[in-house]
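To start, the structure itself, in structure tokens.
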Amino acid sequence: MERITDFVTDYIQREYTLPADTDLMALNYVDTGYVDSLGFVQFIALIEDEFGIQFSDDEIESDDIKVVGRLIAMVEAHLAG
Amino acid sequence: MKSKIADAFYRHATLTPDKEAIICDGKAMTYGELADFVSRLSHLLLSCGATYGDHIAIPMNNSIESVALFVSAADLGLCLVPLNASMPYEAVKAAMQAADAKHLIARSSFLRDCARYGHRVTEGFTLCLDTDFEGAVPFSRIDEMPATRPDGPEVDGGETYILTLTSGSTGSPKPIDLSQDNKLNRIMAHQRVYAISEADRILAATPLYHSLAERLVLMPLVLGATCVLLPRFTPQLWIDCARSLKATFTIAVSAQLAQILDVVKQWQIPPIASFRAIVSSSALLEQDVKLELTRLLPCEFHEMYGTSETSTATSICFQQEPSKRDSVGRAFDGAAIAILDDEGRECAPYTVGEIAVASPLRCKGYYKLPALMDEATTRGFFRTGDLGSVDADGYLYFAGRKKELIITGAVNVYPADIDTVVARMEGIAECAAFSFPDHRLGEVVALAVVTKPGTVFQKRRIQTYCARHLADFQQPHKIFRVDALPRNAMGKLRRNDILPLVREAAID
């Protein structure tokens, strides 16, 4: 869990430090612009490569994958599965 | 002589120290506060060893620190090399070498990426913006610096001030060389054409490593107006920021405006009343989008055409010239437009040819590549690589691109850069990136690959390789396997024929 969280937060904060009061797990990193439409494709491919998993097309198109906490849960589910 | 850009800024700081200079990401600074910050930053750079004429690379975000750096660099006669933070290490290294970058200012995540390769990226100092990093000077040392303007060097204005990295058709970096005089002349030309005054609140919402946003943040500081800098772009953030901070002027890229319009229609958001004028740049807006935008944003609506090399070349006000609504306008302040045929002869009105621009706002050239600029110039006119025609009244009509370029979300992507990287993969016989239409971004990058016999086509493997070796804006959003790439009788790739090929065959 910690490794996934670190990987995700490191990428999201590549350009901007998240405000201290951010509820990280509830953060929609696409709606808040931390990862834009162009970066999203790269971000997902990097997560898949880092953790040796493959998201389904439905998962990639879902709103859940854009929220940090739900994304982490999805990665964990793949690793457990 | 001191820097004219820095002098103008410090003059406003003396005359109107309590006026809002900049607002970004919930933080605001008055002219007095920003002047103190710029001075401290200049002292920090000097204490690190920066000297007149040095080149500093920076993966740049939209922040007050980045804006202060532009003023500070001007005052000290330094050159900035702004980079996209998502560029992979190899591209960063190539860009820094091409731009002779001696020093580096970056965030820790970028420095960690570089450290992974075990190379020293610069011969000079490294400044880390967000935390302590081994071997780097922490930015927090700025607090120890004096808030008085340093007695900087003589700056004549002709020095290289900003090197904007673009890519040539060969995939190697092609830095566009802009002097302080270039930047200042561009600011003053836009001030004249769009009647910008110190009362304006100018919204900058594109990345600061592009020349458009650089102009939009330097313009208010030179003119004594207020800069509203959007840290990251989403349509909702743009609308909220423009409304709450009462923006009066902006130059937006057309892909942004189309996305903003989508959100406004979906949520039935009321018009934003503060704008006095909005300029759309980068690509043509469709007529219905323009009409709807003028209802949402009830102000003067302009469209412009230009290139990074020449700055704005034409401009038109949508409401003032209703009979010319398909045009991107007439020659901008001091510029001249010519339409050239393949032999470099000027075309008659209404004949499509290559758009060429002569302008006093033209850049110094391509850094250390004078032959490239000479090749692109005919009788003093820069050949843009775009196609168009002019009518009998001198209005320019854009007709497409001659050069191979994909523009995704207003970012220029050179397909050759992607071809070169993907071709290195095992099992790929040949490949070609091409433009694929997209409602939100205008175009996205697509990739056609031919695999070697006996190789299984694995889309995911290509995606992962691209994620590791290309910048975010270069990522292929669609990947197609084809039996062969379309080529002409001479074997030259016909990139424009790939899209119909994959569509016709319904390949995915």
DSSP beta bridges in the protein assembly as shown, what fraction antiparallel, as a percent rounded to 5? 60
Among bridges DSSP assigns within chain B, what percent are antiparallel (round to 5)? 60
Give a residue-ordered list of calculated ³J(HN,Hα) values for segment A:37-51 (Karplus: 6.51 cos²θ - 1.76 cosθ + 1.60, θ = phi - 60°; whole Hz; x for Gly, Pro). 4, 6, x, 4, 4, 5, 4, 5, 5, 5, 5, 4, 5, 4, 10
Could you tell me which residue out of B:HIS477, B:MET490, B:ILE428 lies farthest along the dipole of segment B:406-505 toward its positive end? Charges go on the beta carbon: Lys and Arg +1, Asp and Glu -1, centred on the Cα centre. B:ILE428
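Across peptide A:7-20, what mean number of C-beta atoms from other chains lies inside 10 Å of a residue's C-beta?
4
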For segment B:249-298 and segment A:1-29, distance of Cα centres in Å: 31
Given 10 °C and 1.306 mPa s, compute D for the protein assembly as shown with the Stokes-Einstein relation, Rh being the Kirkwood radius over Cα pairs; round to the nearest whole µm²/s. 63
Any DSSP H helix in chain B with Cα axial reach of 24 Å or more and mean Kyte-Doolittle score of at least 0.0? Listed by number, the hits are B:31-48
Treating only the Cα positions of segment B:356-508 as identical point scatterers, give the base-10 log of I(q)/I(0) from the Debye formula at each q in 0.10, 0.14, 0.20 Å⁻¹. -0.46, -0.82, -1.29
Using Cα-Cα distances under 8 Å and only pairs 6 or more residues apart, what relative contact order does segment B:406-505 have, in percent? 27
Normalised by the number of residues in chain B, what is the relative contact order in percent for Cα pairs under 8 Å and 6+ residues apart? 11
How many angstrom separate the Cα center of segment B:11-53 from the Cα center of segment B:486-505? 53
For segment B:421-481 and segment A:43-81, what is the separation of their Cα centres, given in Å? 21
Over all directions, average the projected area of the Cα convex hull of segment B:178-289 and note it in nm². 7.1
Mean Cα-pair separation over length for chain A, i.e. relative contact order, pairs under 8 Å, 6 or more apart, %: 39
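Using the structure shown, select from B:LYS403/B:LYS492; B:LYS403/B:LYS452; B:LYS174/B:LYS364; B:LYS403/B:LYS478; B:LYS4/B:LYS368 the pairs with a Cα to Cα distance greater than 18 angstrom. Present the calculation step by step, with values, prior to reporting the outcome.
On the way: B:LYS403/B:LYS492 14 Å; B:LYS403/B:LYS452 29 Å; B:LYS174/B:LYS364 13 Å; B:LYS403/B:LYS478 22 Å; B:LYS4/B:LYS368 25 Å.
Long pairs (Cα-Cα over 18 Å): B:LYS403/B:LYS452; B:LYS403/B:LYS478; B:LYS4/B:LYS368.
Any read-out appearing in this document is the output of simple, stated calculations on the displayed coordinates, not a laboratory observation. All of these numbers come straight from a predicted model, not from anything done at the bench. Heads up, the Cβs are rebuilt from the backbone with ideal geometry, glycines too, and the neighbour counts pull from every protein chain shown.
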